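Reading through the structure tokens given below for one structure.
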Amino acid sequence: MVFTRTGVVEMLDIAEPEPQDGELVIDVAIAGICGSELHGISQPGFRVPPLVMGHEFAGTTPDGRRVVVNPILSCGTCPTCSIGLPNVCESRRIVGVHLPGGFAERVAVPEASVRDVPADLTWGRAAVIEPLANAVHAWNLVPSSAERVGIIGAGAIGLACLLAGRTFVADRVIDVADTSPDRRRDAEQLGATRVGEALDGQYDAVIEAVGLPVTRAGSVTALRNGGTAVWLGLSSSDSGMDGAALVRGEKRVVGSFAYTPDEFDRAVDLAAGVDTSWTTVHPLEAGADVFMSLMATPSTAKALLVTKGYLDA
Ligand SMILES: [Zn+2]
Ligand SMILES: [Zn+2]
């Protein structure tokens, strides 16, 4: 499935991947469609066509290992990597963004990006490791003292944050806000303390998983003074917020991008116990239709594309 031009993905026959030194070819079993891709192909720049996208995927290695790919490739030597932030490496590359990704039957990836998954982990759970890793990183940016946490947005990332939160801080308040009743129902089923159209009350921390000016601003107003908003959403460039109110309330806003290798490994462990009722499975051959229809009509469920031969596995 190739992003061929602004706003368009197509199913095409492409050349077999040719692994370079230090790479191996993954037989892709499953790949999740990310919201950032649905937005991204309408605003090329970060992703440049022609491109096989897909950064949330799992499959098998030539020697038969079941693996998931950590798509964040860091240099390991720049000043940012050196202080322990490889997720924002200055020469960071991402599989499925800067290199061909998982929306194909086979893809060459660096050997170092591959992680084994447990033999009994379903492909459906392996496919949500990457969104869960984003959630693990976000929670590591939430102050550990936070008792009342709000999540804005119950799409895949917001729900992953809820699921990870329920594992890390089972006894705390985790309220979820979304304008869609279907998404609110998902959040309720997955363990939100309370759900609503917007957060009300004063939260110690708010995780913003939408990225629109109105939700970013809302994440800050929902904080008590001194609280922390962690922003993961990327829908827009604008922040929409009142800078003076931020100062007067001594609030903090922290950006959260991707995850470290340790956080990715933590997500591999988390995936084993995770409810995947918020995902739907489609054959890879139908990928372009699924993708284009999700662009036209956003769905509450995360779409996973499964390669022929893996549908029943
Ligand atoms: Zn993503
Ligand atoms: Zn680096």
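Enumerate the pairs (first residue in the range 61-77 and more than 18 Å from Val128 (Cα to Cα); second residue anywhere and within 14 Å of ligand 1 (Cβ to nearest atom) and of a type in the set (A, V, I, L, M, F, W, C)) with beta-carbon separation below 9 Å, excluding pairs fewer than 6 apart on the same chain, so at least 6 apart or on different chains.
Leu73/Ile94; Leu73/Val95
A quick yes/no check of all residues on (1) away from ligand 1 (no atom under 16 Å from the Cβ); (2) over 15 Å from Met295 (Cα atoms); (3) without any contact (Cβ under 8 Å) to a residue 40 or more places away in the chain; (4) surrounded by 15 or more Cβ atoms within 10 Å (Cβ to Cβ):
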| site | (1), (2), (3), (4) |
| --- | --- |
| Val9 | no, no, no, yes |
| Leu12 | yes, yes, yes, no |
| Pro19 | yes, yes, no, yes |
| Asp27 | yes, yes, no, yes |
| Gly32 | no, no, no, yes |
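Regarding the range 92-106, can at least one residue be identified that is free of Cβ contacts under 8 Å to residues at least 40 places away in the same chain and more than 19 Å from the chain's Cα centre (by Cα)?
The answer is no; no qualifying residue exists.
Restricting attention to the range 212-233, which residues are touching a Leu at 6+ places or on another chain (Cβ under 6 Å) and in a loop (DSSP other than H, G, I, E, B)?
Passing the criteria: only Ala222.
Quick check on the range 193-211. Is at least one of its residues closer than 10 Å to Gly150 by Cβ, assigned to a loop (DSSP other than H, G, I, E, B) and among the polar types (S, T, N, Q)? Step through it out loud before you land on a result.
We begin by selecting, within the range 193-211, every residue closer than 10 Å to Gly150 by Cβ; these are 193-194, 196, 198-208.
If we keep only those that are assigned to a loop (DSSP other than H, G, I, E, B) as well, we get 193-194, 198-202.
From what's left, among the polar types (S, T, N, Q): 193, 202.
Checked the range 193-211: at least one residue is closer than 10 Å to Gly150 by Cβ, assigned to a loop (DSSP other than H, G, I, E, B) and among the polar types (S, T, N, Q).
Please go through (1) closer than 17 Å to Thr276 by Cβ; (2) part of a loop (DSSP other than H, G, I, E, B) for Arg166 and return the number of the only condition it doesn't satisfy.
(2)
Let me spell it out: the conditions are (1) touching a Phe, Trp or Tyr at 6+ places or on another chain (Cβ under 9 Å); (2) part of a helix (DSSP H, G or I), and Thr80 meets all of them except one. Which number is the exception?
Checking Thr80 against (1) touching a Phe, Trp or Tyr at 6+ places or on another chain (Cβ under 9 Å); (2) part of a helix (DSSP H, G or I), the one that fails is (1).
Name every residue in the range 166-179 that is at pLDDT below 95 and of a type in the set (Gly, Ala, Ser), in order of residue number. First the steps, then the outcome.
At the first step, the residues of the range 166-179 found to be at pLDDT below 95 are 166-172.
The answer is Ala170, and nothing else.
Can we say Val290 is touching a residue at least 60 places away in the same chain (Cβ under 8 Å) and not polar (S, T, N, Q)? Give the steps one after another, and end with the answer.
Numbers: touching a residue at least 60 places away in the same chain (Cβ under 8 Å): yes; not polar (S, T, N, Q): yes.
In short, yes.
Residues that are within 21 Å of Ala222 (Cβ to Cβ) and out of contact with any Leu (no Cβ under 7 Å at 6 or more places or on another chain): which strands (runs of 3 or more DSSP E) entirely in the range 106-154 hold 1 or more of them? Outline the logic, then answer.
Working: elements: 106-110, 114-116, 148-152.
Hits in the range 106-154: 148-152.
Quick check, is Gly59 of a type outside the set (Lys, Arg), crowded, with 21+ Cβ neighbours inside 10 Å and more than 14 Å from ligand 1 (Cβ to nearest atom)? Lay out the reasoning, then the answer.
Numbers: of a type outside the set (Lys, Arg): yes; crowded, with 21+ Cβ neighbours inside 10 Å: yes; more than 14 Å from ligand 1 (Cβ to nearest atom): yes.
Judged against the criteria, Gly59 is a match.
Count, please, the residues in the range 13-60 that happen to be among the β-branched types (Val, Ile, Thr) and in a strand (DSSP E or B).
6
Out of the range 76-113, which residues are more than 16 Å from ligand 1 (Cβ to nearest atom), surrounded by 16 or more Cβ atoms within 10 Å (Cβ to Cβ) and polar (S, T, N, Q)?
The one that is more than 16 Å from ligand 1 (Cβ to nearest atom), surrounded by 16 or more Cβ atoms within 10 Å (Cβ to Cβ) and polar (S, T, N, Q): Thr80.
The values are calculated or read from the model by the stated rules, or taken from the named source; none is laboratory data. Predicted model, so just to flag it, every value in this text is computed and none were measured. Here the Cβ is made from the backbone with ideal geometry for all residues, glycine too, and neighbour counts use every protein chain on show.
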